[in-house]
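Novice: Below is a structure I'd like to ask you about.
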């Protein structure tokens, strides 16, 4: 259910409300003291608010547990069948900044496979919190709400792509490569793309075209494909994959084959909403 065997999520019930409320007060106490935001801070909410949320049909609460010790909680509000909102998530002070938050985010996303969009809000002035959410794939929507002088809530969202959607940029790029027509390949290469081939760095449209066309002229009837594909990073604008590249063809009439390890970085082009290759690193 989660990446760390230490951290698990347990579905909460109405009998957990008082414990959740007490932990919430302890977890948010410092921010309440700092901002004095009694109208919005979870530490200032009465127990009745937690009870009312627990009763909502669109709300799920989970206890965050480490080795069966409850160290925090997370509330998921199902805004619609494809959208989930985290409001709030918290860990007790002694368990903060130890990497548990990332485990919780990963675990809860797996519990809602139908959700393609996740949203949340946090305090813009709390830069550590902003960096944390950005580190697990959330990006700012551009919408902000000023609560008071010196305190602004900034909205974040994260898009979860299906495995098929994630496969498409790499598949399109490899299919174009196998046409042996660089005009087709170029459609999927970013204008600022950089290639690293066994230690040689190639950048710029002319140099990249020359590298591809030289390879095709040297290896006749080359076929190129990917295996052992792993998508290791994903945001709304960037995806990174690792894979084993393979090829076969003919040099001077003799059949050859080979392969190695590859890292590809794809980025979305905002003007066309198309994924393009920004970086490729091939090694033996």
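Novice: Looking only at residues in region 90-119 that are part of a strand (DSSP E or B) and surrounded by fewer than 19 Cβ atoms within 10 Å (Cβ to Cβ), which one is modelled with the highest pLDDT?
Specialist: That would be 119.
Novice: Condition first: touching a strand residue (DSSP E or B) at 6+ places or on another chain (Cβ under 8 Å), at pLDDT 95 or above, farther than 24 Å from residue 233 by Cβ and not assigned by TED's automatic domain parsing to the domain that holds residue 214. Can you find one or more residues in region 180-196 that meet it?
Specialist: Checked region 180-196: no residue is touching a strand residue (DSSP E or B) at 6+ places or on another chain (Cβ under 8 Å), at pLDDT 95 or above, farther than 24 Å from residue 233 by Cβ and not assigned by TED's automatic domain parsing to the domain that holds residue 214.
Here's the yes/no breakdown for (1) more than 23 Å from residue 155 (Cβ to Cβ); (2) modelled with pLDDT under 95:
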residue: 15; (1), (2): yes, no
residue: 32; (1), (2): no, no
residue: 56; (1), (2): no, no
residue: 68; (1), (2): yes, yes
residue: 74; (1), (2): no, no
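Novice: Do the conditions hold for residue 49, that is, is it closer than 24 Å to residue 8 by Cβ and surrounded by fewer than 18 Cβ atoms within 10 Å (Cβ to Cβ)?
Specialist: Considered against the rule, which asks whether it is closer than 24 Å to residue 8 by Cβ and surrounded by fewer than 18 Cβ atoms within 10 Å (Cβ to Cβ), residue 49 comes out as no.
Novice: Further, regarding this structure: Looking at this structure, is residue 256 buried (at least 17 other Cβ atoms within 10 Å of the Cβ), modelled with pLDDT of 90 or more and at negative phi?
Specialist: no
Novice: Within region 89-113, can you find the residues that are within 16 Å of the chain's Cα centre (by Cα) and without any contact (Cβ under 8 Å) to a residue 60 or more places away in the chain?
Specialist: Across region 89-113, the qualifying residues are 101, 105, 109, 112, 113.
Novice: In the set 194, 234, which member is touching a residue at least 60 places away in the same chain (Cβ under 8 Å), over 17 Å from residue 173 (Cα atoms) and surrounded by 11 or more Cβ atoms within 10 Å (Cβ to Cβ)?
Specialist: Criteria check complete, one pass: 234.
The values are calculated or read from the model by the stated rules, or taken from the named source; none is laboratory data. Quick caveat: nothing in here was measured; it's all calculated off a predicted structure. Every residue, glycine as well, gets a Cβ built from its backbone with ideal geometry; the counts of neighbours run over all protein chains shown.
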